[in-house]
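The structure under discussion appears below in the form of structure tokens.
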Amino acid sequence: MVSPEYENPTETELYDFSTALDGLKDGKKITRQWWNWKKMYLYLVPAANYPAETEIAKQEFWELVPYNAYIAMKNAQWSICMWSASNSDLLESDWIIL
């Protein structure tokens, strides 16, 4: 079931990336107007320490690995990946704050 906040983003206000980034910093999800918004959105992962999972991380950090904050994407394949903005992402004004 889709949350009511996702019902019709095509009829919502569009923003530039700097405004959408403020939304991320406030704990909101963001998407682009042309993305499949039910499947693709971004959210901010705060800086934290996570358990070491790989042998390399265990050798370097033992138990907890410190991570900086980063932007994550829930993609159309229903998995999470890190996301970096392209030039067009930064310059477009078709961002939606969910």
- Find which of P66, Y43, T54 sits farthest along the positive direction of the dipole of the chain, computed with +1 on the beta-carbon of Lys and Arg, -1 on that of Asp and Glu, about the Cα centre. T54
- Note on the structure: Here the net charge surrounding R32, from other residues whose Cβ is less than 10 Å away from its Cβ (Lys, Arg +1; Asp, Glu -1), is -3
- Message: Per q in 0.13, 0.14, 0.16, 0.21 Å⁻¹, report the Debye log10 I(q)/I(0) for the chain, using one uniform scatterer on each alpha carbon and no solvent.
- Response: -0.53, -0.60, -0.73, -1.05
- Query: What lysines could a cross-link reach from K39, if we take a straight Cα to Cα line under 19 Å and drop same-chain neighbours fewer than 8 places away?
  - Reply: K28, K29, K74
- Item | Dipole magnitude of the chain about its Cα centre (Cβ charges: Lys, Arg +1; Asp, Glu -1), debye to nearest 20 | 220 debye
- Could you go through the range 83-98 in sequence order and give the Karplus-derived ³J(HN,Hα) for each residue, using 6.51 cos²θ - 1.76 cosθ + 1.60 with θ = phi - 60°, rounded to whole Hz, and x for Gly and Pro? 10, 10, 6, 8, 4, 5, 4, 5, 9, 7, 10, 10, 7, 10, 9, 8
- Net charge, Y43 excluded, C-beta distance under 9 Å - Lys, Arg +1, Asp, Glu -1: +3
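Could you give the accessible area per residue of the chain, probe 1.4 Å, as a whole number in Å²?
70 Å²
The values are calculated or read from the model by the stated rules, or taken from the named source; none is laboratory data. Bear in mind the structure is a predicted one, so any value in this text is a computation, not a measurement. Here Cβ is always computed from backbone atoms with ideal geometry, including for glycine, and neighbour counts include all displayed protein chains. SASA here: full protein model, heavy atoms, side chains in, ligands and nucleic acids out. Shrake-Rupley method; radii C 1.70, N 1.55, O 1.52, S 1.80 Å.
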